[in-house]
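Please treat every number below as a calculation from the coordinates, not as lab data. As the structure is a prediction and not an experimental result, all values here were calculated from the model. Note: ideal-geometry Cβ built from the backbone for every residue, glycine included; neighbour counts use all protein chains shown.
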Amino acid sequence: MARYTGAVCRLCRREKQKLFLKGDKCYLEKCPVDRRPTPPGMHGQGRSKTSEYGLQLREKQKVRRYYGVLESQFEKYYEMAAARKGKSGENLLSILETRLDNVVYRLGFAMSRPEARQLVLHAHFTVNGRKVNVPSYLVKPGDVVALNGKSQSLSKFKASIEANASRVPPKWLELDAANFSAKVVARPERDDIDLPIDEQLIVEYYSK
């Protein structure tokens, strides 16, 4: 499946809530979700009753869009989660949280996950001193994520850090803002993930 290249605000409207895919725009009054809180399309206002399967599908799609993951990638992550000890739904969210692009977003280096993905693709970040340009790279406890030397002088990152100063990184990430780096100190727990997600619906979707 090809990556979605259309208007991302339509994705938010389809899920009937903000997925925070447009950075600053999501916090402004002109956000389309606030102005038009119905699904896109000519039949958007007529969609009212949703089946059990529909709820499960929508939850899966919502989480996939939150993290900017393709369908095939998402299925692989679920297989990984199901193979681990513990609850499959919580394991899935933990895996998604450890994607490098999500870590960059959580640390405040980017205003949105799509922007974080682009920054990683352009090799602005290193993991344990080595450049990594793969957004799906999964970090693990003990890893150090940092801006590479050349990128640290760019005003864009200084502005992002200042703009996101009020955003507190999750406790599994130890941020060193002065040195534009952070250490992964633990695996993400369910309590660390503040997104409105019902992961059990996703488990039920894949259990059919």
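Per the Kirkwood treatment, what hydrodynamic radius in Å, one decimal, follows for the range 44-191 from the mean inverse distance over all distinct Cα pairs?
So the Kirkwood estimate lands at 16.4 Å.
In whole Å, largest first, what are the principal axis extents of the Cα atoms in the range 99-186?
Largest to smallest, the principal-axis extents are 28, 26, 23 Å.
Amide H to amide H, which residues 5 or more places from residue 143 or on other chains are under 5 Å from it, using H placed in the peptide plane?
184
What pairs in 76/131; 140/171; 62/131; 131/171; 76/208; 140/183 have C-alpha atoms more than 21 Å from each other?
Beyond 21 Å: 76/131; 62/131; 131/171.
Tell me, what HN-Hα J-couplings in whole Hz come from the Karplus equation 6.51 cos²θ - 1.76 cosθ + 1.60 at θ = phi - 60° for each residue of the range 91-107, using x for Gly and Pro?
Result, ordered by residue: 4, 4, 5, 4, 5, 4, 5, 8, 4, 4, 5, 5, 4, 4, 5, 4, 7 Hz.
For each of 117, 190, count neighbouring Cβ atoms within 10 Å of the residue's Cβ, then give the residues from fewest to most.
190, 117
Karplus couplings for the range 157-168 from phi (6.51 cos²θ - 1.76 cosθ + 1.60, θ = phi - 60°), rounded to Hz, Gly and Pro as x?
6, 4, 5, 5, 4, 5, 5, 9, 4, 7, 7, 8
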